[in-house]
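The structure appears right after this line, and notes come after that.
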Amino acid sequence: VFEAKLEALVLIAKGSGCKVVLLSSQIVDPDRGNFSPARKKELKKFLESLDGVRQFTEEGVLSGIKEINQVTENVARKNSCVFIDMSRAVPENDEYFLDATHRSDKGNEIFADALMRKLSALSVLDN
């Protein structure tokens, strides 16, 4: 379902003359990041709280985001769009993330800077 809907949106945008850029998502893996023990515990508790909600588990959430990222990349390739991998754009630590998915203001600044550098390098911003 996600793939079909994403592709439909891409086709609508391209049909309107838009340049389409698709990005991967970043979700924090508490075991991979450089988090304080308290934050790591908080992140694990958040991911565990999803257990039972549409059968999410910590492993399921993390693998689900990886799958979504792969589908997004495939849709970009299939439709000749730009795909930018942002899955590791922001260092995973207390300073840059508020929780498993939401960046702090500093994290958003790093994300925006990284995205602008990548867009510029790909000449996506040129008219």
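The values are calculated or read from the model by the stated rules, or taken from the named source; none is laboratory data. What you see is a predicted model; the values in this text were computed from it and never measured. As a convention, Cβ positions derive from the backbone with ideal geometry for all residues, glycine included, and neighbour counts pool all protein chains shown. Surface accessibility is based on the protein's heavy atoms, side chains included, excluding ligands, DNA and RNA. Shrake-Rupley method; radii C 1.70, N 1.55, O 1.52, S 1.80 Å.
Picking from residues in segment 15-50 that are assigned to a loop (DSSP other than H, G, I, E, B) and of a type in the set (D, E, K, R), the one that is nearest to SER80 (Cα to Cα) is LYS19.
Scanning segment 80-127 for residues being in contact with a Leu (Cβ under 7 Å, 6 or more places away or on another chain) and over 21 Å from ASP31 (Cα atoms) gives a total of 6.
In this structure, does LEU23 turn out to be modelled with pLDDT of 90 or more, on the phi < 0 side of the Ramachandran plot and not acidic (Asp, Glu)? The answer is yes for LEU23. Among residues of segment 9-54 being open to solvent by 50 Å² or more (accessible area, probe 1.4 Å) and aliphatic (A, V, I, L, M), the one that is nearest to the chain's Cα centre (by Cα) is LEU23.
Filtered by the rule that a residue be surrounded by fewer than 13 Cβ atoms within 10 Å (Cβ to Cβ), in a helix (DSSP H, G or I) and touching a residue at least 12 places away in the same chain (Cβ under 8 Å), segment 67-107 gives a lone residue, LYS78.
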